[in-house]
Amino acid sequence: MNGVLFVTDPLPGLQADIDASVGLMAATQDLDLDVWCCEPEDLAVVDGRLHVQARRIRLRPRVPGDDHRWIVDPTWYDDLGTSVVDVAAFALVHLRIDPPVDARYLHTTYLLDLAGTRVVNRPAGIRALHEKLVALRFPELCPPTYVGADPQALRSFVTRVGTAVVKPVDGFAGNGVWLVRDDQGTIALLESATAGGRRQVIAQQYLPAVAQGNKRLFLLDGELAGAVVRRPAAGDFRIGPPVAAAGIDEHDRAIVAALGPELRKHGLVVAGVDVIDGRLIEVNVTCPGGMHKTDALLGTRLSHTIVSSLFEGALL
């Protein structure tokens, strides 16, 4: 079959002007490959074969806007019909459902283990390398970090580093991220963040250089494919959309050199690595994003580079 399957969240909920999955769909269509989509609930195993009730779509034309957004029709795709297909018939499957890696996500990975064709990123690799914790395999590259659920131990860590960013281990998209200072409110914030000591969180030393930007390094099969700077919005410490191209320094190269072999080993072809002030923060592998925004902002072709590499044999 001359087609690619995208396993995504519901299409009406995707922001077609910025969503990285939509950018990969557009690049796939530009290669004259059919774009098929489904949700996890559309997958089923029949006599040991993975089948899907998939929708074939055609994306409408799009042009870059004045910032990190694309100009798209409100109805950004045309529905060409639905069919039940053996997943092995697709040339490639993209696993593109958003985190967290909850029961729904994990069940999807187990089903896709039976795909009979290549899945990007490899489901077993996503299960093996937790995107919030894999960075800690390289502690020399990270800021001081504590992972745990004990509010008092976390308080001691905050006292040691002064100010910390605290986030849930299963968090995503900036949800549940706290900036915690060593003051009278610290223990109450940490008790809330850990649900009274019942939920694991990650605490990392706050790096003031984040005000100048966070680098998103785009890795393709463990090699650097591009980079962009993202800055916090006014009045917020959390990272916003891309604003400029990023220069690459020796710290970035050291991070890529360390991560590359691990990502390749586990079939994590597409990854988004977050770096602040030369320190590794996290490695996004569940549904890596930012490529579509960067292409609109800078005129790059990251989405096309990824898709073309997958079909030119470089990564097969």
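Values in this text are rule-based calculations from the coordinates and carry no lab data. Keep in mind the model is a prediction, meaning the values are calculated, not measured. Heads up, the Cβs are rebuilt from the backbone with ideal geometry, glycines too, and the neighbour counts pull from every protein chain shown.
Distance from the Cα centroid of the range 122-174 to that of the range 1-77 is 32 Å (rounded to whole angstrom).
With one equal scatterer per alpha carbon and no solvent term, the Debye-computed log10 I(q)/I(0) for the range 144-206 at 0.13, 0.14, 0.16, 0.19 1/Å reads -0.25, -0.29, -0.39, -0.55. Pairs of C-alpha atoms in the range 170-316 farther apart than 19 Å represent 58 percent of all such pairs. Computing mean projected area of the Cα convex hull in nm² directly from the structure and comparing it against (i) 16.5; (ii) 28.3; (iii) 19.4 singles out (i). By the rule of a C-alpha distance below 19 Å, with chain neighbours fewer than 8 residues away ignored, the lysines paired with LYS132 are LYS167, LYS215, LYS265.
Relative to the longest principal axis of the Cα atoms of the chain, the long axis of helix 103-112 lies at roughly 40 degrees. Across the range 3-121, Cα-Cα pairs more than 24 Å apart make up 25 percent of the total.
By the rule of a C-alpha distance below 14 Å, with chain neighbours fewer than 8 residues away ignored, the aspartates and glutamates paired with LYS293 are ASP17, ASP19, ASP66, ASP67.
Could you give the length gained by full extension between THR75 and ALA211, i.e. 0.36 nm per residue of separation minus their alpha carbon distance, to one decimal place?
Numbers: separation 136, 0.36 × 136 = 48.96 nm, distance 3.67 nm.
Going from the current span to full extension adds 45.3 nm.
A DSSP coil position with no more than 11 other Cβ atoms inside 10 Å describes the following GluC sites (Glu not before Pro) in the range 225-316: GLU312.
According to the square roots a ≥ b ≥ c of the eigenvalues of the Cα gyration tensor, what is the shape class of the range 272-316, taking rounded for a/c under 1.5, prolate for a/b larger than b/c otherwise, and oblate for the remainder? Walk me through the numbers on the way to the answer.
Working: a/c = 2.46, a/b = 1.44, b/c = 1.70.
Oblate is the answer for the range 272-316, as a/c is 1.5 or above yet b/c matches or exceeds a/b.
Expressed as an acute angle from 0 to 90° and rounded to the nearest 10, what is the orientation of the C-alpha long axis of helix 302-311 relative to the principal long axis of the chain? Result, in degrees: 50.
Before rounding to the nearest 500, sum -39500 (n - 2.57) across all DSSP H runs of length at least 4 in the chain and divide by the residue total; then give [θ] at 222 nm in deg cm²/dmol. Please report the intermediate quantities before stating the final value.
Numbers: 8 runs with 80 residues, N = 316.
Taking each H run of at least 4 residues, the total per residue is -7500 deg cm²/dmol.
With a Förster radius of 35 Å applied to the C-beta separation of GLN53 and ARG127, the computed FRET efficiency comes to 0.90.
So if each residue of separation counts as 0.36 nm, and I subtract the Cα-Cα distance between SER83 and ALA244, what length gain in nm does that give? Walk me through the numbers on the way to the answer.
Working: separation 161, 0.36 × 161 = 57.96 nm, distance 4.21 nm.
Taking SER83 through ALA244 to full extension adds about 53.7 nm, to one decimal.
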